[in-house]
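Data first, discussion second: the structure below is written as structure tokens.
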Amino acid sequence: MRLGLLCVVVSLACGGGLASAQTGDEEAMKAVVRAETKAWIDRNADAWQATWLHDASASRAVVQAGSYTYTQGWENVVAPVVKDYQENPTPLPLSPAMEHFAARQQGNLAFVDYDQILTVTGEAPSSSPSSREYRVLIKDGGQWKIASQITHVLGAFGDTPGAIASRIDGTGSALLRSGKPQEAIDIFKLNVRLNPQSADALDSLGEGYAAAGQNDLAVQNYEKSLQLNPKNEDARKALAKLKEH
């Protein structure tokens, strides 16, 4: 198995080389991709790694508005994920749902795709971006393992990514107004992770940290927001006020 593994499997799936998965195997395939998502939400590095094939052919790609990342080789795939979990250990306030799951299989090789809907949980639930998920699975030692992943973030229910980011931001703002800055920070951090190039998302995270008295982190996020949008006068004023103390 080499770089072209995903392309080969997709070609087989589209060309009829892979047949529909057997019921028992399909359930096992669903279980492993669900376990991967749960481990990501729980920030559980060991559980996440257990769902993957630790091989030089492993690859992971994430496509979303304004950005694309691709890594190949298990060591390259796992390193940034584990680093993210270590730096952001708090479980994400998300509830996942899987729709339109399809699996095609040839022996110990399979290709699955499905829609994944993530809902922000808490007192003011809202939908975050849905994604179209693709996985190449290899049966290794009797267990299905993920060999390749593509995540394509889509607009949920026809919304644009900006509209979805705004709705998540509104959830955090509602928590902030309710006197729950830490819960708001969790929502704002999620929004930044989903929309890393959003000046508004970083501005809101700065506001959340300021409300919680975490001024150093507030300054960092306001500065990042201003780098993306130097015309944000509200962020500039908030930053200046924080630096006075």
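The values are calculated or read from the model by the stated rules, or taken from the named source; none is laboratory data. This structure is a prediction, so every number in the text was calculated from the model and none was measured. We place every Cβ from the backbone using ideal geometry, glycine too, and count neighbours over all the protein chains shown.
Quick rundown of the values:
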item: Pairs, first farther than 25 Å from PRO89 by Cβ in the range 45-69, second modelled with pLDDT of 90 or more and outside any strand (DSSP E or B), C-beta under 6 Å, six or more apart; result: ASP55/TRP74; ALA56/GLY73
item: Count of residues meeting criterion [part of a helix (DSSP H, G or I) and touching a helix residue (DSSP H, G or I) at 6+ places or on another chain (Cβ under 8 Å)] in the range 73-108; result: 5
item: Helices (runs of 4 or more DSSP H) fully within the range 130-238 counting 1 or more residues that are in contact with a Leu (Cβ under 9 Å, 6 or more places away or on another chain), of a type in the set (A, V, I, L, M, F, W, C) and modelled with pLDDT under 85; result: 161-177, 181-194
item: Test result for LEU118, assigned by TED's automatic domain parsing to the domain that holds ILE150, closer than 17 Å to LYS30 by Cα and buried (at least 18 other Cβ atoms within 10 Å of the Cβ); result: yes
item: The lone exception for ALA102 - which of (1) farther than 23 Å from ALA47 by Cα; (2) at pLDDT 80 or above; (3) within 14 Å of the chain's Cα centre (by Cα); (4) not charged (D, E, K, R) it fails; result: (3)
item: Among residues of the range 96-107, those that are loosely packed, with under 13 Cβ neighbours inside 10 Å and either among the hydroxyl-bearing types (Ser, Thr, Tyr) or under 24 Å from ILE138 (Cβ atoms) (or both), counted; result: 3
